[in-house]
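Notes to accompany the following structure.
What follows is calculated from the coordinates using simple rules that are stated; it is not laboratory data. The structure displayed is predicted, hence computed values, not measured ones. No Cβ is skipped: glycine too gets one built from the backbone with ideal geometry, and neighbour counts run over all protein chains shown.
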Amino acid sequence: MRGVTGPARIAAPLGSAEADQLLSPLSDAAGIVVAVSGGPDSTALMALLARWRSGPGRPPVTAATIDHGLRPSSADEARAVARAAADLGLPHRTLAWTGEKPATGIQEAARSARYEALTGLAREIGATHLVTAHTLDDQAETALIRLARGTGLNGLGAMRAVTDRHGIVHVRPFLAIPKARLVATCDALGAFYLHDPSNEDPRFARARWRRLMPALAAEGLTAERLARLASRAARIEEALQVQAAALLHGSRCDSGIVVSGWHDVPFEIAVRALGLALAEAGAAMGGPAAPRLARIEALASGLTQAAAARRPLRRTIAGLVADLGGDGVLRLTPEGERRRGMRKPFREVEGRDALAPLATLRANHKLDAARDAGTASAFAGQDP
C-alpha cells in the first residue's frame, strides 16, 4: 500500500537534521542490523539509515526481514523489502521462522523468535546494534496493554529507547515520533511500503487497543500523553532500580547474598532488590527467570513486616531460600536439591536444607543486564 488519507497526510516528514539527531546513538556501533517488515515505520527507518550511513565514519547497515510464515504473502513481502533495500544500496537478509507454530500466544512466540533471529544475525555479521522502528503510537499502546494486565511501574514505563539484548544493543530511535510522521516521511521520499493485515486483526490485543485509541484521545488520553506517562514511569523506575542495586552492591559471599539493615529498606526498594537478586541468582544457577511481580511483592511484604517486628522469617521462592534474622540481616541462598524444582506458593521452611554454594554473581548491577537476566519478567510485560 502506498500512502494514506486523513490526518497522516498533514504530518511533517522527518528532515535530514532531525533524523541525524535521532540516529546519533548509533554512531559508535561497529555494525547495525535494522529490522524491516515493509510497513511504513520500518521502511522510513531503513531509508533514513541508508542516507545516514553515507556520512563519514558511519558503521555498515544490514537490513533484515523476518518471514514468520503466518500468511501466504509473507515470502513475497520479504522479497519486496529485499528489492527496496537493494535500491538503497543496503545488503538484506530474510530470516525465516520455521518449525511448528503454537496454537495460542502466537504473537508472543513470534516476537521471541523474531528477536532471537535478529540478534543471532547481528552476532553472525559482527554487528553490535539492532534498530527497530517502534513509534510513539506503539509506546502508547504498550503502556495501555500493560496497564490492563496489572503491570508494575517498570511495565508502565513500556519500551526503553536503548536496551541490552544479551550483548546486542537494541535502539528504538522513533519512540517519541508519531507514526503519521513516518508515513509522511515515506511519502516525501517516494518510498513504497506494505500493509500488514494483522495490525487490524481483532484476534490480537494490540489491534483491539489500537481501535480504541481515537475514543481515548477524544477524552484526552492521547498517544502523546500516554507516552509521556511511560517516560516518567521509566525515569522513576530507573531511580528505584539504582537504589536497589546499591543495596545489593558488595552483598555477595561464597554462600549467597547477605543484605544488612533490611528493616530500614523502603518497600519499593525491597521489591526491586529481591527481583534483581532472584533474577541474577537464577541466571547464575541456570534456573528460571525471576517470578512474577505479585510473588516478589508478597515475599517483600512478609520480610518487611518481620523486619519491623525484629523477628526472623524464612521462606523460599524460585529455588532460593530467603532467611531473615531478627537482627535485620537477610540471606539469600540456593534451596537444597531435595526441594529444587517444586512449583509451590511461598511456604515456611521447617529445618535447614543443605545449601550448595552460590556462584559469584556479577558485582555491577547494570539495569539492562538485570532485565536480560529475567527481572523484566517480574516487573514488565512484553515489548512488541
Rounded if a/c under 1.5, otherwise prolate or oblate - the stretch 7-233, Cα gyration tensor axes: rounded
What is the calculated FRET efficiency for Arg123 to Glu200, with r their C-beta to C-beta distance and R₀ = 45 Å, to the nearest 0.05? 0.85
Taking neighbour Cβ counts within 10 Å as the exposure measure, how do Ser37, Ser251, Ser73 sort from fewest upward? Ser73, Ser251, Ser37
Using 0.36 nm times the number of residues separating Ala239 and Ala86, minus their current alpha carbon distance, what extension gain do you get? 50.7 nm
Which FRET efficiency, nearest 0.05, do Glu224 and Val162 yield, Cβ-Cβ r, R0 25 Å? 0.75
How do Phe174, Phe267 rank when sorted from fewest to most other Cβ atoms within 10 Å of their own Cβ? Phe267, Phe174
